[in-house]
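**Q** This structure is in structure tokens; I'll ask about it shortly.
Coordinate-derived values only; no laboratory data. None of the values given here were measured: they were computed from a predicted structure. No Cβ is skipped: glycine too gets one built from the backbone with ideal geometry, and neighbour counts run over all protein chains shown.
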Amino acid sequence: MARRANRSGAKVQGLAALALAAPLLVFVAALGTRTGWWSYAVGHDLLAMRVGPVLAGLGALAALALLIMALRRRASPWLALAAVAVSAATIGAYAWQTGRIASGPPDDISTDMTEVPGFGELNARRGGPGPAGRAGVGACPGAVPAMTQVAPESAVWALQESGFSLQGGAGVGRAAGSHRGFWFGSVHDAVIRIRPGRTDVRVAARDSRRHGGEACRLATRISAALRSGG
């Protein structure tokens, strides 16, 4: 009897661990990528977005098994409910993230599609071709120019207020900065071009991956800060 109870307890613990495996893997993958233990391709593309969904599916099966065991009084009902909640949240998060990546606008957003602002000295740091597509206000409604010649200090403030670190000194006609994502450390660059009667913004990822509209969100944030006159 004691041996059977031990086996049942070990099975419950194993199922609970499997239900938690996917979110724990994402956390470890993000931490390792952010701290430089492995590359973005390993941490995000492989671990989080390939291995993670498989573990999420197995975790859902484990949560269901725990629920059945709880109904048979072989496992704690609270543990089973917690496993089901974690599993549902994990699968929901993956579905949301996958949809966001698929439907998001390109990760190169400019408020001027006729004469797109260049990155200047930042091009040396960017390297590679960058995002495959580019979009403006049609795909990113918040990416609108400030119809005024903002002061260089206001451009610097808008970048820093939007989470960018200033890259190089701000000139009379432009300011540039870089933003590093919180979870996996993906980098987006921004340039603010200042001209008489108009100030434009461009934000683009350094790599060619889709980031679920992150460039649009950042460009919108900078544009709003510039137009607020802060």
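**Q** With a cut-off of at most 13 other beta carbons within 10 Å, and DSSP calling the residue loop, which GluC sites (Glu not before Pro) in region 83-166 qualify? Please list them. Please report the intermediate quantities before stating the final value.
**A** On the way: sites: 115, 121, 153, 161; in loops: 115.
Taking region 83-166 and a limit of 13 other Cβ atoms within 10 Å, the loop GluC sites (Glu not before Pro) found are 115.
**Q** Also, I was wondering about something else. Let me have the relative contact order for region 54-181, percent, based on Cα pairs under 8 Å that are six or more residues apart.
**A** Rounded, it is 16 percent for region 54-181.
**Q** Grab the beta carbon distance between residue 125 and residue 73, set R0 = 45 Å, and tell me the FRET efficiency rounded to 0.05.
**A** After rounding, the FRET efficiency stands at 0.15.
**Q** Counting DSSP beta bridges in the chain, what percent are antiparallel, to the nearest 5?
**A** Bridges in the chain are about 95 percent antiparallel.
**Q** Kindly put 96, 157 in sequence by how many other C-beta atoms sit within 10 Å of each C-beta, fewest to most. Could you put the intermediate results ahead of the total?
**A** On the way: 96 11, 157 18.
Fewest-to-most ranking of 96, 157: 96, 157.
**Q** Could I ask something else about it? From Cα coordinates alone, what are the radius of gyration and Dmax values for region 108-228 in angstrom?
**A** Every Cα atom of region 108-228 included, Rg and Dmax give 12.8, 38 Å.
**Q** Moving on. What are the trypsin sites (Lys or Arg not before Pro) within region 33-119 that DSSP puts in a loop, where the Cβ has at most 10 other Cβ atoms within 10 Å?
**A** 72, 73
**Q** What do you get for chymotrypsin sites (Phe, Trp or Tyr not before Pro) in region 22-73 restricted to DSSP loop and a cutoff of at most 16 other Cβ within 10 Å of the site's Cβ?
**A** Taking region 22-73 and a limit of 16 other Cβ atoms within 10 Å, the loop chymotrypsin sites (Phe, Trp or Tyr not before Pro) found are 37, 38.
**Q** I would also like to ask the following. Ranked by Cβ crowding within 10 angstrom, fewest neighbours first, how are 228, 110 ordered? Write down the numbers at each step before the final one.
**A** Details: 228 12, 110 25.
With the fewest neighbours first, 228, 110 line up as 228, 110.
**Q** Would you mind ranking 207, 45, 200, 107 so that the residue whose beta carbon has the fewest other beta carbons within 10 Å leads the list?
**A** Least crowded to most crowded, the residues run 45, 207, 200, 107.
**Q** What number, in percent, do you get for the relative contact order of region 2-99 if the mean sequence gap of Cα pairs under 8 Å and at least 6 apart is divided by its residue count?
**A** 33 percent.
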